[in-house]
Amino acid sequence: MQQLFKLAALFAPLLLCSMTTRAQDLTSDKTPSAPINLTGASSAPQEPLSLWYRQPAKQWVEALAIGNGRLGGMVFGGLEHERIGLNEDTFWSCQPYDPANAEALQYLPEARRLIFAGEYKAAENLINSKMRGKPPGQASYQPIGDLTLDFPVQGEVSDYRRDLNLDTAIASVTYTQNGTKFTREVFVSPTSQVMVVRLSADKPGQIAFSASLRSPQQVMMATEGTDTLVMKGNGGGPGRIGIPGTLRFESRLRVLPQGGTLSANETSLTVKNADSALLLLDAATAFRNYHDISGDPSAITKTHIASAVAKSFDALRAAHIAEHQRLFRRVAFDLGTTDAAKVPTDERLKNFAKGAADPQLPVLYYQFGRYLLISSSRPGGQPANLQGIWNESSEPPWDSKYTININTEMNYWPAETTNLSELTEPLVHMVKDMSETGTRTAKLHYGARGWVAHHNTDLWRATEAIDPAFFGTWPMGGAWLCTHLWEHYQFTGDKKFLAQVYPELKGASQFFLDTLIEDPKHHWLVVSPTISPENAHPFGTSVTAGTTMDASILRDLFAQTAQAAEILGQDKEFRAQVLATRARLMPFQVGKAGQLQEWMEDWDTQAPEQNHRHISHLYGLFPGAQISPRQTPELATAAHKTLDTRGDITTGWAIAWRINCWARLHDGDRTYRIVKALLDPSRTYPNLFDAHPPFQIDGNFGGTSGMTEMLLQSQNGEIELLPALPSQWQGGSIKGLRARGGFEVDIAWQNGKLASATIHSTWGKNPKVRYGEKMLSIRLKVGGIVHLDSQLKPVKVPSL
């Protein structure tokens, strides 16, 4: 009996996760009973997964992000003037266009000759003048504008609180004015496809405001009746690449007051003396696909609003919460909590940087990353871009597009491991689109079969080389994205999906079968021209032939394509050709300083930026799995040296990449120090957005991925538990992570050591489980479950 109680205690954190989740269903949608005074300290209990503040937001990176994958909002929470920033994922500048450069092919042999002759700068100049896309830039993601609410705030305001509940995906503002408590609730429904705003008070007749829409675009405003405001426009002017913006959009707002009066003029709707008010907003564009903008945005917004109007606020809210929690509650993470968690989020960040013991802050950041992916990438929509779906500017940094030499890939690093697999569908769809446009680029630019994409793409799926050659001469973007297709198969085991994406894998491989050339010195097959993304070598440019990153990506692409062909029983001869070519790729090399070489030649110590943000040559460590401490110890040591040289402190997203790499090297304490660096106010904004700076969302996703890698890895045919557990996380639990091969994993630990684990088979059989040097091979049927104790021994768990 004593042993049974001991086992029950060990597994309690895992068993209680689901019980706690069910209990939260009863309470998580309630407004906290004790709001925060604007000037006084608060002793109010906090929701464990909430961002909250004592004051309105003054800038974008303080506002609260909400979204349903397609439609995004940023809630500022102003008292007299509420601003909710509006985005829609298909609203971009320009229109369908073809950037193919038909003359690039004739200059390709000369560019390669110059590179192999060591005339790298001359090659760069040639590429800049003759071998970039036309135009040499791409479209930019655009803001729709703002929903603004003006309130007649008079008298003293107290007890102000602004919060975002990650568990319900609802942003709220509460305050007391002249003895009346006011509440705003805002969410973007994935079920009704509208933004919902509800304004209420604890006394009748107190709701009064004017609602309007504004935009940085050229728009026309109109009202329909007394309750609907409509804003129409086009997607910006020619911009920096000279292609007119002809994509039509519409935003539609309907106001439904309970009691009081409602009136309209040409630009606003005004409510007076109401008990409450419900606002329903939608935005849509004429986008159908990357080559068709014949859609009817007005019909879309009318349909969505009409459907939502037929439902009560309670019904809209309940359906929204249920759909959000279907995804969000798959993973529960607990590191304990302290009094440090009782202060507002912006203050917690500052205190954590000063050394406050706040173990729940990394958990909040972790779950915020999952929340952002749920809110910015849902099936049927566009992939999360550089800012997810939340962009304020008509001239955003780096166009807020898809930078596919690291940033877009990083956005999806946590999708499979944190149990959000279906959210990769927009990325998969984009890769399929790019394989079509990239086929033309491959033929015209390189004279090759298959398809290719360089370092950026946009809504129109442009795949040509853009920007100065220093940044854009990199034909590996499509190949890297293809590895995400294989990752999805590794986690889901979906052969139908594999068959659907095999043409993209095959086409990407075909391109490199046609374009790889033999290096005259070593006789390896290399990519030329290329770069190691955005990093200069000692000869005044980045342009070269043969980089470690290129070879690493191609080793993965070729192996994955060959495996897919074998699984599907297709292309036996092609598979043999792919594997034979793979064997001739440039190998990993350890340089004279003990580092993993970045280039074919040992230039690393002479490169001008020793602390460069990109660590492209460590692709094989993460997200790849070609380097590991156990299987390739010499290369792992070289990777360690490279990471030491590059340093830990850099841009936000680059810090996140380092977290993942150090976790793969099994150094938990070093990894944790870098997690702390990512959570520093210099790299995390008050609303928890990642700071490059400026705001760039990939660091959020990379941080969530990195913390997952600290607790679970599965890249080498093993499910490894707690591979990089830091000494600062002495006790905790995580439930619902996914492992390659078809498994769901729950883990609990005490005193810095494994306490228990549970392996659920989703489709996999007979997993190999590792904890430190302990290994266990388990016979497990599909759908089966095994509970393991601290020594990896299977045990029966008594009911609680």
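The values are calculated or read from the model by the stated rules, or taken from the named source; none is laboratory data. Remember, predicted model here, so these are calculated numbers, not experimental data. All Cβ positions, glycine included, derive from the backbone under ideal geometry; neighbour counts span all protein chains shown. What goes into the accessible areas is simple: the full protein's heavy atoms, side chains included, and nothing from ligands, DNA or RNA. Shrake-Rupley method; radii C 1.70, N 1.55, O 1.52, S 1.80 Å.
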(message) Rolling a 1.4 angstrom probe over the protein chains, ignoring ligands and nucleic acids, what is the accessible area of ARG112 in square angstrom, nearest 10?
(response) 40
(request) With a 1.4 Å probe and every protein chain kept in, tell me what percent of the accessible surface of the chain is carbon plus sulfur. (result) 51
(message) Need the C-alpha centroid separation for the range 760-800 versus the range 111-128, integer Å.
(response) 56
(message) Can you give the local net charge around GLY179? Use residues other than it whose beta-carbon is closer than 15 angstrom to its beta-carbon, Lys and Arg +1, Asp and Glu -1.
(response) -1
(request) Calculate, for the chain, the solvent-accessible area per residue in square angstrom, rolling a 1.4 angstrom probe over the heavy atoms of the protein chains. (result) 35
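For Cα pairs less than 8 Å apart in space and 6+ apart in sequence, what is the mean separation divided by the residue count of the chain, i.e. the relative contact order in percent?
Working: 1900 pairs, mean separation 100.4, N = 800.
For the chain, the relative contact order is 13 percent.
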(message) Taking loop as defined by DSSP and a crowding limit of 10 other beta carbons within 10 Å, which trypsin sites (Lys or Arg not before Pro) in the range 517-593 fit?
(response) LYS521, LYS592
(request) Report ³J(HN,Hα) in whole Hz for each residue of the range 199-215, in order, from the Karplus equation J = 6.51 cos²θ - 1.76 cosθ + 1.60 where θ = phi - 60°; Gly and Pro get x. (result) 10, 9, 9, 8, 10, x, x, 9, 8, 9, 6, 10, 10, 9, 10, 9, 8
(message) Can you tell me the length gained on complete extension of the stretch ALA318 to GLU422, counting 0.36 nm per residue apart and subtracting the Cα distance?
(response) 35.2 nm
(message) Whole-Hz ³J(HN,Hα) for each residue in the range 68-77, computed from phi via Karplus 6.51 cos²θ - 1.76 cosθ + 1.60 with θ = phi - 60°, x for glycine and proline: what do you get?
(response) 10, x, 9, 10, x, x, 10, 9, 8, x
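Determine the sum of side-chain charges near LEU114: Lys and Arg each +1, Asp and Glu each -1, restricted to other residues whose C-beta is under 14 angstrom from that of LEU114.
On the way: positive: ARG112, ARG113, LYS121, LYS130; negative: GLU110, GLU119, GLU124.
Once positives and negatives cancel, what remains is +1.
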(request) Give me the distance between the Cα centres of the range 285-317 and the range 375-421, rounded to whole Å. (result) 22
(request) Return the long-range amide H neighbours of GLY205 (sequence gap of 5 or more, or a different chain), with a cut-off of under 5 Å between placed amide H atoms. (result) ASP275
(message) Which order do you get for ASP680, ASP690 if you rank them by accessible area with a 1.4 Å probe, largest at the top?
(response) ASP680, ASP690
(request) Note the full-extension length gain between ILE649 and SER777 as 0.36 nm times their separation in residues minus their Cα-Cα distance, in nm to one decimal. (result) 42.1 nm
(request) Determine which residues of the range 234-274 fall in the zone a paramagnetic label at ALA306 would reach in this model, i.e. backbone nitrogen under 19 Å from the point 7 Å along Cα→Cβ. (result) 250-256
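What is the gain in length, in nm to one decimal, between GLN577 and ARG326 on full extension, counting 0.36 nm per residue of separation less the C-alpha to C-alpha distance?
85.9 nm
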(request) Pull up the cross-link candidates among the lysines for LYS506, meaning alpha carbon to alpha carbon under 25 Å and not fewer than 8 places away within one chain. (result) LYS432, LYS443, LYS495, LYS496, LYS572
(request) With Cα Rg over 2.2 N^0.38 Å in mind, check (i) 0.96; (ii) 1.77; (iii) 1.71 and report the label derived from this structure. (result) (i)
(message) 7 Å from Cα along Cα→Cβ at both GLU347 and SER129: what's the point-to-point distance in nm?
(response) 6.3
(request) Identify the trypsin sites (Lys or Arg not before Pro) of the range 595-662 meeting these criteria: DSSP loop state and at most 14 other C-beta atoms within 10 Å of the C-beta. (result) ARG630
(request) Note down the net charge around VAL61, summing +1 for each Lys or Arg and -1 for each Asp or Glu among other residues with Cβ under 10 Å from its Cβ. (result) -2
